[in-house]
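Just so you know, all these numbers are worked out from the coordinates, no wet-lab data involved. None of the values given here were measured: they were computed from a predicted structure. As a convention, Cβ positions derive from the backbone with ideal geometry for all residues, glycine included, and neighbour counts pool all protein chains shown.
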Amino acid sequence: MQKSALETIISQSLSDLLKLADKFCVNKVSSNFKFILSDFQDGEGLNFHELRKLKNKNNNRKVPQDLADIIDFLHQEFTDLYDVTLYVFHARKEVTIIELEYVRKSNLGIDYYDKIKDVSPLFHSKIVLPGYYKDNENKFDINWHHGGFIHLWKSFIFDFKIRNVRKEVQKKYRP
């Protein structure tokens, strides 16, 4: 694949990601983008919260790069890429850091590799929703996974409500 075609696909995925951010998030996303790359980690034995903390810890250590550098890497690894997913890692007024998480075909097992070895990579754009988000609720802070008072408070209220629902269910169904 040509670098220009790969750049077009990434630009389209980035446009889709910005539409998602505008729909779900209260933050204004800067049009000054920097990028980080992440190799998908299976995280076997870890729950979502532990995996998110590990991922954030690893990504905080990375130096954001320009799109051209990311395109060069993806172009070199193109034949081994199975899936590339774009996430907003951190949105600030001056810069938005986009994470490109990729899955290698060679990491998926030999049986599955034989089925997908000639398939072009898939490109996705996703927004990670906080646990307390409800459908059609107000927009949320896109940086929620970095912590912060509002996220902690909403998580506390959500956990409190869940505990109360569990107690009600236990009273109703356990004599």
Self-check item: Modelled FRET efficiency - R0 35 Å, Asp114 with Asn47, Cβ distances, 0.05 increments
Solution: 0.65
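With the Cα gyration tensor of the stretch 1-97 giving a ≥ b ≥ c as the square roots of its eigenvalues, does the rule (a/c under 1.5 for rounded; else a/b larger than b/c for prolate; else oblate) give rounded, prolate or oblate? Intermediate values should be presented prior to the final figure.
Details: a/c = 1.65, a/b = 1.08, b/c = 1.53.
The shape class here is oblate.
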Quiz item: Which distance in nm do the two modelled labels at Gln76 and Lys134 give, with both placed 7 Å along the Cα-to-Cβ direction?
Solution: 4.9
Quiz item: Which order, highest average first, do 113-124, 8-19 follow once you tally other Cβ atoms within 10 Å for each residue and take the mean per peptide?
Solution: 8-19, 113-124
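Of the peptides 75-86, 49-60, how do they stack up when ordered by the mean number of other Cβ atoms within 10 Å, highest first?
Numbers: 75-86: 16.7, 49-60: 13.6.
In decreasing order of mean packing, 75-86, 49-60 become 75-86, 49-60.
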Practice problem: Could you sort out which of Lys3/Lys134; Lys34/Lys117; Lys53/Lys115; Lys93/Lys139; Lys28/Lys161; Lys62/Lys161 sit more than 28 Å apart by Cα distance in this structure? | Solution: Lys3/Lys134; Lys34/Lys117; Lys53/Lys115; Lys28/Lys161; Lys62/Lys161
